[in-house]
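Okay, so here's the structure we're looking at.
The values are calculated or read from the model by the stated rules, or taken from the named source; none is laboratory data. Given the structure is predicted, the values throughout are model-derived calculations rather than measurements. Because the Cβ atoms are built from the backbone with ideal geometry, glycine has one as well, and the counts that use them run over all protein chains shown. With ligands, DNA and RNA removed, areas are computed over all heavy atoms of the protein, side chains included. Shrake-Rupley method; radii C 1.70, N 1.55, O 1.52, S 1.80 Å.
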Amino acid sequence: VQCKPSRKKLDKIIIVIDNIDRCQKELAYELLTNIKNFLGKNNRIIFIIPVDDYALKKHIQYSNRDSNSLESNEFLRKFFNVTLRLKKLKRYDIYSFAKKINDKYSLGFKSTTIDILGKEFATNPRRIIQLYNNLNAEFANYEKAFVEANESIMCKFMILREEWSEYYNLICSNPYLINSPDADTEVLIKRLPGLEGFLRKTNSITKNVDLRVINKILMNKDDFIGIPDPV
């Protein structure tokens, strides 16, 4: 489709540059300094730069080895004419967002699953969407009846796999440890940040589950049929 150029005179040009804070440290600093050359030279051009200012300050301090946190703060104050800060979302806000997405797109997730994703784990809306997508992909590997019966359990193990892979790999080798951790497992749980609280809050989901169900989820192995493993 060929678009005809607009003859309408533009009052402002808005340029949005996203994800600078996700670039490598040297590149992030270089982008900032290059953008700064355009600021203030034309009042008809507006730059909008969404960033995690904490991560950006770390990049600046890394690129300027002699700088400290106060100097990086001053650098950003000189760089941005206006700063709008988003307030940190509370757990209830995340849960409300997760429920709204589930209802809006008729995803069909159970309230227990939404509770795990929204109140006990995820910290931002983007993470909620990623988890929903990953769960749907995971469910495609199992029959519908099994998913309906074990949705929240599958959700718990998917989160463990994505966030605490060391613990997840241990559980895959020894599924019984999810409900009866030995001394070494307890040490590992305490060493991995956030894991102990997550396991405590989701303990009831897997507490009385048949080990064959856990095996099927962890190893994609159906212990309910008598087909031997290939030699």
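In table form, for the structure just shown:
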item	result
Using a Förster distance of 41 Å, the FRET efficiency for residue 83-residue 105 (Cβ separation, nearest 0.05)	0.75
Hydrodynamic radius by Kirkwood, which averages 1/r over all alpha carbon pairs of segment 93-155, in angstrom	11.7
For segment 111-231: rounded, prolate or oblate by the Cα gyration tensor [a/c cutoff 1.5]	oblate
Residues whose placed amide H lies under 5 Å from that of residue 46, excluding near-sequence neighbours	13, 14, 15
Helix-only mean residue ellipticity at 222 nm for the chain, each DSSP H run of n ≥ 4 adding -39500 (n - 2.57), per residue, nearest 500	-16500 deg cm²/dmol
Sorted largest first, extent of the chain alpha carbons per principal axis (Å)	74, 52, 41
Reduced Cα scattering model of segment 169-218, Debye log10 I(q)/I(0), q = 0.14, 0.21, 0.22 Å⁻¹	-0.34, -0.77, -0.85
Apportionment of accessible area to carbon and sulfur, the chain, percent (1.4 Å)	52
Simple Cβ-charge dipole of the chain, Lys/Arg +1 and Asp/Glu -1, about Cα centre, in debye nearest 20	1760
Calculated FRET value between residue 112 and residue 191, using beta carbons and R₀ = 35 Å, to 0.05	0.80
Solvent-accessible heavy-atom area per residue, rounded to whole Å², over the chain at 1.4 Å	69
FRET efficiency, 1/(1 + (r/R0)^6) with R0 41 Å, evaluated for residue 166 and residue 34 via beta carbons	0.55
